[in-house]
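Read the structure below first, then the notes.
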Amino acid sequence: MTDCHKYREMISAIIDGELSENERKLLSDHLAGCEQCSRLLVELREQRNLFSNHTKATLPLAIENVILDKTSSRSPRRTPIGKFISSSYLIPKPVAWVAGALIIALAVFDLLLPAFRESDSSGYGTTQFYPQKIQKVIITDKDIVKTQTYSEKNNL
Amino acid sequence: MSLDRFSDSLQGGFWVARSGSDHSDFCIHFHENKDHIFDFALRMLGDKQAAGDITQDVFMKLFENRNRIREIQNIRGWLFISARNMCLNHLRDRRKVISMEEIDQEHSNDSAGDNPQLGILKKAMAELDDRFREAVILREFQGFSYSEMAEILQITVSAVRSLLFNARIRLRENYEKIEKARLI
């Protein structure tokens, strides 16, 4: 019965299946010659078997509901599109902010553009995005005669 | 930018959050672990009300850290570390020895009435020191391995082995003492 303490810790560990193969062999050799340690192994196994009869306590429903209510009321609601985007990509926040600002700026510009066009055509605005110059072209008989003369001269 | 701020920014401040850290992820971990945490707290404290409060605090803490859920390697371990710390703080504040009757009443679902040995075991458990009791609870009731226990208790695996052995020996002594007292 030399150095039983070392083996006693191993007895506790073997019950939990936490011994290496080498330690297992050492303990087995020791138990073969030590009645006290063999008895301890039996006792600790019996003690452990008692724990197998326990039933687990379950969290009362009232407390469960309190936790779920508290957490769901503090969670921001997400639209399906927002959820899809955020679940698909991981992007730095500054990039997201710049991209968002650009989209808003483009949208605002696109909305205001028709208003500028309308103000210009009605004559009230001073800004001209699309200057339009209309010329009236009048063809007279004189022009036709000139064309005929030119054709005759050149034997066309 | 200081190292702490940089670290903080990497942990969720800088990046746009993904759906993995929203309420649905929280709910999955909540439903998987709520009974384990409550059972652990109840066996540590022997007080249903306090165990309920601690379970609530543990999960609210997880919810506060929901943006980091994906970064936490072992959620169950994280929850047990939180629960353990809260239980120890509670016991420290309370400075109250858990009464044996209280433990019996709280675990009336167990078949202690039919099995006198189980009743004695519960009383023997209630008389253990906090560090021994938590080791036995984590191993016997929650089924953690030595390495998982080492993480939760923040000690080495060999220290877990030694702690568990001493806890079992003390439990056996308590058990024999209570059994003798019953027979007299």
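Bear in mind that the values in this text are calculations on the coordinates, not laboratory data. Quick caveat: nothing in here was measured; it's all calculated off a predicted structure. Every residue, glycine among them, receives a Cβ derived from its backbone with ideal geometry; neighbour counts consider all protein chains shown.
Table for the structure above
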{"item": "Per-residue average of Cβ from other chains inside 10 Å of B:48-57", "result": "3"}
{"item": "Extension gain, A:S38 back to A:A96 (0.36 nm per residue minus Cα-Cα distance, nm)", "result": "14.1 nm"}
{"item": "Note, ³J(HN,Hα) from phi for the stretch A:30-40, Karplus 6.51, -1.76, 1.60, rounded to Hz, x at Gly and Pro", "result": "5, 4, 4, x, 10, 5, 5, 5, 5, 5, 4"}
{"item": "Counted charge near A:A32, where neighbours are those whose Cβ lies closer than 14 Å (Asp, Glu -1; Lys, Arg +1)", "result": "+1"}
{"item": "24 Å Cα-Cα threshold exceeded, pairs from A:K6/B:K180; B:K122/B:K180; A:K56/B:K123; B:K48/B:K122; B:K34/B:K122; A:K56/B:K180", "result": "A:K6/B:K180; A:K56/B:K180"}
{"item": "Mean Cβ neighbour count within 10 Å, used as a protection proxy, ranking B:129-141, B:43-55 highest first", "result": "B:43-55, B:129-141"}
{"item": "Computed E for A:K6/A:I104 - FRET, C-beta separation, R0 51 angstrom, nearest 0.05", "result": "0.10"}
{"item": "Assigned charges on the beta-carbon of Lys, Arg, Asp, Glu; the stretch B:111-184 dipole about Cα centre (debye)", "result": "260 debye"}
{"item": "For residues of A:60-73, the mean tally of beta carbons on other chains within 10 Å", "result": "5"}
{"item": "Exercise: per-residue mean of other protein chain Cβ atoms within 10 Å, B:158-170", "result": "4"}
